[in-house]
Structure formats: C-alpha cells, structure tokens
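Worksheet: one structure, shown below.
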Amino acid sequence: MADDRRKLPPSLTVGEVAERAGVAVSALHFYEREGLIQSWRSSGNQRRYPRGVLRRVALIKTAQRLGLPLGRIAEALSNLPADRPPTSADWRRLSASWREDLDARIASMQALRDQLDSCIGCGCLSLDSCPLRNPEDQLGKSGAGARLLP
Ligand code: FES
C-alpha cells in the first residue's frame, strides 16, 4: 500500500481514479455533481483529482454499502477538511455518527421482519388488514382516500 502511494502522482486523471478506486468513470462524475468529490481542470481542460480522492471514494463506497443515503454521506464529507484525505480518526468520527442511523434501520428492518408473521403473504397488500402495507392502519389516521407509505 505504501508503495502504491509513492508511485502515485500528486494529481490523477478521472481514468486513473476509476481504475484505482474500482468504480466507473460515470460514478465519479456523479459523485462530483453531487458535491462528494472535487476536481480541477488541467491546462488541456481535463479533470484532475488530488490523490486523496481515492480515500474519499473508498469512504463513499463503504457508506453506500452500509445503505446510507447519498445526502447523509455528502453531509458527513462536507465536515471533512478539503485539503487532505480522510484519516482513520475522521473515519472513527463518521462511523460513530452513522452508527445511530444503522441501529435505527436495523430496528426498523427487525420490526418489518416480525410483521411478516402477521401478514399471510397472500399478495393482497390490503390497506385494511395487511400489517406490511398499512401497519396499525397508519394511513387511515392521515385521512380518507389513498395515502402514501413512508
Ligand atoms: S399481503 Fe395479504 S395480508 Fe399482507
């Protein structure tokens, strides 16, 4: 790993970032449009990235694997210094803040799993009686007519 770092130039093309990070060029463009990573333009008007972008992309991919929404990832990354790659201390801070989200999602998934027991899985998805489609008639409390589930 340290050898790789020594071989890296101070700035990388989008193709080099894609290859080293194992993501598609289109994904990098998307991350950039969403403000998760930044580049500058070379004299030939080509994108250049600081090599620290590799750690940032690794962090984004890991957060996505955890199922975190992009907005939450962007919010976390906006709190990192832009002039250096994220450190292990940064990662510990971010992962601590995401733990609460993960715990809430795990609890929600466990509740859904438990509701499977009362849904007979008949495919009716009834607003009146299916505990998955309309748990505890939540939709009925918000008024008559069709309601969207969260
Ligand atoms: S799908 Fe019929 S009760 Fe859930």
task: May I ask for the net charge around Arg41, where only other residues with Cβ less than 11 Å from the Cβ of Arg41 are counted and Lys, Arg are +1 while Asp, Glu are -1?
output: +2
query: Looking at Leu28, Ala104, Pro10, which one has the Cα that reaches farthest to the positive end of the dipole of the chain (charges on Cβ: Lys, Arg +1; Asp, Glu -1)?
result: Pro10
field: Equivalent ellipsoid dimensions for the chain as semi-axes, Å, which come from the Cα gyration tensor, largest first
entry: 43, 17, 14
message: Give me the net charge for the shell around Leu94: Cβ to Cβ below 13 angstrom, other residues only, Lys and Arg +1, Asp and Glu -1.
response: +2
- request: Compute the acute angle (0 to 90°) between the alpha-carbon long axis of helix 53-65 and the principal axis of greatest extent of the alpha-carbon atoms of the chain; round to the nearest 10°.
  value: 10
Dipole moment magnitude, nearest 20 debye, segment 11-119 about Cα centre, only Lys, Arg, Asp, Glu C-beta charged: 480
- line: Taking the chain and counting helices only, DSSP H stretches of n ≥ 4 at -39,500 (n - 2.57) each over all residues, the nearest-500 ellipticity at 222 nm comes to -15500 deg cm²/dmol
Given charges at Cβ of Lys, Arg, Asp, Glu: the chain dipole, positive-most of Leu70, Gly123, Tyr49: Tyr49
field: Residue with peak Gaussian network fluctuation, the chain [Cα springs, cutoff 10 Å], from Asp103, Asp117, Asp90
entry: Asp117
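Readers should treat all values here as calculations from the given coordinates under stated rules, not as data from a laboratory. In this text the structure is predicted, and so the values were computed from the model without any measurement. Glycine gets a Cβ as well: all are built from the backbone with ideal geometry, and neighbour counts include every protein chain shown.
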